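The values are calculated or read from the model by the stated rules, or taken from the named source; none is laboratory data. Note that the coordinates shown come from a computational prediction; the quantities given were computed from them, not determined experimentally. Here the Cβ positions follow ideal geometry from the backbone for every residue, glycine too, while neighbour counts run over all protein chains shown.
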Amino acid sequence: MQKTKMILIAAMMLLLSFLICFPIWVAITGTFSAQWELEMNLSPVFAGTEGTANWPLLPAAPTLKSLVEVLLDSPGFFAMFWNSVTISFFILAGQLLVDVPAAWALARFPLKGKKSILNLYIVLMLMPFQVLMFPQYLVLNDLNLLDTLGAVILPAVFSTFPVFILHRFFKAIPHEIIEAARLDGAGELRIFCQIGIPMGAPGILSVCILTFLDSWNMIEQPMTYLKTKSLWPLSLFLPEIGMEEMGLGFAAALMMLIPALLLFLGCQEYLEQGIAMSGGKD
């Protein structure tokens, strides 16, 4: 009975792994497929022709044309790529400057109403973008930031999610270490820089990873606040591609996937710590 149960669990895990990895395999094989093959396989979906779409395990006629085109002959792709890099970098830098000290203060200082502030952070964190979109739009309009990269960067810098996670990491630092540093004459800034940041480094790194993945894949915010296409990030490049450029679309999707995939594979341990802390109890 126990053996049968283990076999069923293993089979379900294999099926789940296949469903998760299949889109990645589609992006890889689609990148190296010829345009005529993509049209033949996917025309029932995109062109509304009769029959059913199918996807072969490997391309019938592998080619590098789409990959070469997106890397060497797509200035729009590179403009959007660097827009995404700029947005992600400044959001990360802003959150490190704003959210890390804020989380430390909420975790270590005896502030009045601290629990109420944390509850407010949780409420704001749970609100979808659609709820906050109109108030943010009005504020950004008053600041003359609409249709600039700052319109996407500024709201993300003051996101509540990093503070929520970092607060838990900082709160887990033993109180005895903080008190010993104070007895040795260390000021609050020195304690924060020499104890808080080093001991909270796993949490800071996990926040950086989660923030990068979120900002790299932003769609709703750029669509709402950016009207000039030259300012669009890479996440808005794919919707502009039609059926006649499906190979280019797959190549662009693969190139967009690579940074996030490499970051995930290299920092998976810290990402898991951040996810675990976000679901823990105070």
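Might you check whether a residue that is touching a residue at least 40 places away in the same chain (Cβ under 8 Å) and farther than 18 Å from Thr211 by Cα occurs anywhere in segment 147-167? Yes - at least one qualifying residue is present in segment 147-167. If you go through segment 119-132 and keep only what is hydrophobic (A, V, I, L, M, F, W, C) and out of contact with any Phe, Trp or Tyr (no Cβ under 8 Å at 6 or more places or on another chain), you end up with Leu120, Val123, Leu124, Leu126, Met127, Phe129, Val131, Leu132.
Determine if segment 159-166 includes at least one residue that is under 30 Å from Tyr225 (Cβ atoms), at pLDDT 90 or above and of a type in the set (Val, Ile, Thr). No, because not a single residue in segment 159-166 is under 30 Å from Tyr225 (Cβ atoms), at pLDDT 90 or above and of a type in the set (Val, Ile, Thr). Would you please name the residue that is surrounded by the fewest Cβ atoms within 10 Å (Cβ to Cβ), looking only at residues in segment 220-260 that are outside any helix (DSSP H, G or I) and free of Cβ contacts under 8 Å to residues at least 12 places away in the same chain? Per the criteria, the residue is Gly242. I'd like the full set of residues that are without any contact (Cβ under 8 Å) to a residue 60 or more places away in the chain and closer than 18 Å to Lys171 by Cα, limited to segment 78-108. Scanning segment 78-108 gives a single hit, Ala105. Filtering segment 162-173 to residues that are farther than 16 Å from Lys114 by Cα and either touching a Ser or Thr at 6+ places or on another chain (Cβ under 7 Å) or surrounded by 21 or more Cβ atoms within 10 Å (Cβ to Cβ) (or both) leaves Pro162, Phe169.
Matching residues to (1) assigned by TED's automatic domain parsing to the domain that holds Ser206; (2) closer than 18 Å to Leu236 by Cβ; (3) under 25 Å from the mean Cα position of the chain (by Cα); (4) among the small types (Gly, Ala, Ser):
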| position | (1), (2), (3), (4) |
| --- | --- |
| Val70 | no, yes, yes, no |
| Val85 | yes, yes, yes, no |
| Asp99 | yes, no, yes, no |
| Gly113 | yes, no, no, yes |
| Ile122 | yes, no, yes, no |
| Pro128 | yes, no, yes, no |
| Val131 | yes, no, yes, no |
| Leu138 | yes, no, no, no |
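Look at segment 168-180: where a residue is assigned by TED's automatic domain parsing to the domain that holds Leu111 and a partner is part of a loop (DSSP other than H, G, I, E, B), sitting 6+ places away or on another chain with Cβ atoms under 8 Å, you get Arg168/Gly280; Arg168/Asp282; Phe169/Gly200; Phe170/Gly200; Lys171/Asp282; Ile173/Gly200.
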